[in-house]
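A short write-up of the structure that comes next.
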Amino acid sequence: SFRHGAVREILYDDLPPGRRMEIHHQVGLLLEQYGAPAPIIAAHALDSVEVAPLPAALRAIDAAVAATADGAHSDAAQWFGRAAAAAASSGSGATVEVRALIGGGDSLRLAGSEDQETALFAAADAAFELGDPALIGDAAFAVLQLGATTESGSLHGRAIELAGRALEVVTDPDQRALVAAGAS
């Protein structure tokens, strides 16, 4: 209820860290109930990540999806990165972590970042390590999209090899068709 920024900052800084996290957690839950924008909810969820790491990761993914819809691909990559870190800290969020890694790599691709190739292949490696066929298909397709936007070379060879490995694992017909079409 304090509107003056300096007063609010002093009061916030005087709170013990645990209390700050509790407040962020409660505010995030309330904002979600009232339909606040995803980035605002995610900011509060991530400020209370120690209270509920997996929900914080999911809220960060929501913010990344919203940023992507707005064309803010660099922002989306940052949200996905924060989501991956939150999921990793949960101890039970490997699927969410890999989903965030794939989204982050794809956002870097859309942003034209020079880190896109490294991020996408790391996401694919994580998907294969997890062994989830759907995530493997998503990662392979994301890598193939990267290959489609660059000139021929070692990247294409690596992408085609990855596609072949993915087609050995992916069982969903639609996903197989996407990977196969991307590889062709």
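Quick notes on this structure:
- Using the 1.4 Å probe convention, the accessible area of region 1-118 works out to 57 Å² per residue with neighbouring protein chains retained.
- Rounded if a/c under 1.5, otherwise prolate or oblate - region 9-72, Cα gyration tensor axes: prolate
- Between region 8-45 and region 89-128, the alpha-carbon center distance in angstrom: 27
- Within the chain, longest stretch clear of exposed GluC sites (Glu not before Pro) (DSSP loop, no more than 12 other Cβ within 10 Å): 1-113
- In percent, rounded to a whole number, the relative contact order of region 34-138 is 20, using alpha-carbon pairs under 8 Å and six or more apart.
- Largest to smallest accessible area among R8, R158 [probe 1.4 Å]: R8, R158
- Accessible area of L15 (1.4 Å probe, protein heavy atoms only, ligands and nucleic acids ignored): about 50 Å².
- Adding -39500 (n - 2.57) for every DSSP H run of four residues or longer, then dividing by how many residues the chain holds, sets the calculated 222 nm ellipticity at -26500 deg cm²/dmol.
- For region 65-172, a/c is not less than 1.5, where a ≥ b ≥ c are the root eigenvalues of the C-alpha gyration tensor, and a/b does not top b/c. That puts it in the oblate class.
- Calculation over all alpha carbon pairs of the chain in 5 angstrom steps from 0 returns a P(r) of 1, 9, 15, 16, 16, 14, 10, 7, 4, 3, 2, 1, 0 percent.
- Measuring nothing but protein heavy atoms, the accessible surface of the chain at 1.4 Å probe radius is 55 percent carbon and sulfur.
- The order of H24, H73 by accessible area, most exposed first and with a 1.4 Å probe, is H73, H24.
- Whether region 33-123 is rounded, prolate or oblate, judged on the alpha carbon gyration tensor where a/c under 1.5 counts as rounded: oblate
- Using a Gaussian network model of the chain in which every pair of alpha carbons under 10 angstrom is joined by a spring, one finds that among A85, A76, A100 the greatest mean-square fluctuation is at A85.
- The mean sequence separation of alpha-carbon pairs under 8 Å and at least six residues apart, normalised by the residue count of the chain, gives a relative contact order of 12 percent.
The values are calculated or read from the model by the stated rules, or taken from the named source; none is laboratory data. These figures come from a predicted structure and were not determined experimentally. Glycine gets a Cβ as well: all are built from the backbone with ideal geometry, and neighbour counts include every protein chain shown. Just the protein is used for accessible areas: all its heavy atoms, side chains included, with ligands, DNA and RNA removed. Shrake-Rupley method; radii C 1.70, N 1.55, O 1.52, S 1.80 Å.
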